[in-house]
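Only one structure is covered here, and it is reproduced in the block below.
The values are calculated or read from the model by the stated rules, or taken from the named source; none is laboratory data. Because the structure is predicted, anything quoted here is derived from the model rather than measured. We place every Cβ from the backbone using ideal geometry, glycine too, and count neighbours over all the protein chains shown. Please note that ligands, DNA and RNA were not included when accessible areas were found on the heavy atoms of the full protein model with its side chains. Shrake-Rupley method; radii C 1.70, N 1.55, O 1.52, S 1.80 Å.
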Amino acid sequence: MNSAVLPSFDKISQALEEAELFTNAAESHGVLSGFVCGGIALDNKSWQPLFNDVVNEGMALSSSLKKLIAEIYADVVKQCTDDGLGFHLLLPKDDKPLDERAEAMAQWAQGFLVGFGMVQQSLNQASEDVQEVIRDIRDISQLSLDFEQEDEESEIAFTEIVEYLRVSAMLCFNTFSRQTSSPVSNTLH
């Protein structure tokens, strides 16, 4: 896919709402990220039936919504496979209230766990680091972040959690999805 700019968080959420799906942009992005980071084939088709099961009771999406979700999926794949660490969570913009962004972050984490769990059956065989980040993501998904004040300290805490989720997703991707090249032999013949 070419590097098209995705619509905004609000426009994606609106499209999902208009389709009467019980999800939003953050959760959908989390599900797709979970698929990618959990080891699903990075093609254009593997994710579709699983996504339909999660958000639409197994029913196919409308062609316009399918196109939008396919663009988001392709963007997640592109970001994850970019060695420049370009992966980021799809969350509301910084001008939105902190409580709204924190709720979306928790929804992203919930979606990630659902998507990851649908495709990754070998978590118990993963390193302790990977198992720990999945437990942490689970804990973050259950947080009820109610910031009494929208001050710099709260913003910093939020930013650190988002960064932790981003790095954790990349750790999972590198563990379960990254295609390793064949090692080059150091032996001279």
**Q.** 3J(HN,Hα) from dihedral phi, region 65-73, Karplus parametrisation 6.51/-1.76/1.60, rounded to Hz, x for glycine, proline
**A.** 6, 4, 5, 5, 5, 5, 5, 5, 4
Q | Among 33-43, 6-16, the order from most to least packed when residues are scored by Cβ within 10 Å on average | A | 33-43, 6-16
Q: Would you check the chain for Lys pairs whose C-alpha atoms are within less than 16 Å, ignoring same-chain pairs closer than 8 in sequence, and give me the count?
A: 7
Q: At a temperature of 25 °C and a viscosity of 0.890 mPa s, determine how fast region 12-111 diffuses translationally according to Stokes-Einstein, using the Kirkwood radius over alpha-carbon pairs as Rh; express D in µm²/s, rounded to the nearest whole number.
A: 177
Q. What percent does the relative contact order of the chain come to when contacts are Cα pairs within less than 8 Å and at least six residues apart?
A. 30
**Q.** Solitary cysteines of the chain, where the nearest other Cys Cβ is not under 4.7 Å
**A.** Cys80
Q | Cα-based Kirkwood hydrodynamic radius, the chain, one decimal, Å | A | 17.3
(Q) Sort Lys67, Lys96 by heavy-atom solvent-accessible area, probe 1.4 angstrom, most to least. (A) Lys67, Lys96
